[in-house]
Amino acid sequence: QILYLYSPIDNDVFQGTIPEEVGLLTSLENLVIKNSMGLIGSIPSSLGILSDLRQLALFNNNLQGKVPTELFSLEKLSYLNLAKNNLSGRISLKFGDLMEKLVFDNNNFTGRLVLRDLKSWR
C-alpha cells in the first residue's frame, strides 16, 4: 500500500502535523509527503511500528525536532529522505540491512554520521 501526498512547490495544501494514528496503517509500504511548508511539528514515533515500510520520504516540509529512533530499526526500510526540513539532533547509526539511500541535507543535525554499505547517500 502507498500513501502519497504531494503538494506542488509553493502550494501549501497540507497544514498541521502528521498524526500519530498514521502508525495504524500497518500494511503501509511507502509514505511520501513532500513540498508542503504548512506541514509542521515532529515526525511521529508511531511510524516506527510500520514493519512493512520500505520508503519514507518527508522532504521539503517544515518538520521540526528529532528523528524518532524507532525509524532506524525498521528492517525493510530501504529509502529515507528527510531533506529540507528543520530537523535536529543526532542520527542513529543503526539501519536495516536493506537501506539503500539516505537523504538528510538542509537540516540542523549534529555530530558525525558514518555510513557503510549504502548504495547512495547525501
Leaving ligands and nucleic acids out of the surface, order Ile43, Ile49 by accessible area at 1.4 Å, largest first. Ile49, Ile43
May I ask you to give the average projected area over all directions of the convex hull of the Cα atoms of segment 14-87, in nm² rounded to one decimal? 4.1 nm²
Amide H of Gly89 versus every other amide H placed in the peptide plane: which residues, excluding those fewer than 5 positions away on the same chain, fall under 5 Å? Thr110
Simple spin-label estimate for Glu100 and Ile49 in nanometres, 7 Å along Cα-Cβ: 2.9 nm
Counting only protein chains, not ligands or nucleic acids, how are Lys34, Lys101, Lys84 ordered by accessible area (probe 1.4 Å), most first? Lys84, Lys101, Lys34
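The values are calculated or read from the model by the stated rules, or taken from the named source; none is laboratory data. Only a predicted model underlies this, so the values are computations on that prediction, with no experimental measurement involved. Neighbour counts run over all protein chains shown; Cβ positions are idealised from the backbone, glycine included. The accessibility values were calculated without ligands, DNA or RNA, using every heavy atom of the protein model including side chains. Shrake-Rupley method; radii C 1.70, N 1.55, O 1.52, S 1.80 Å.
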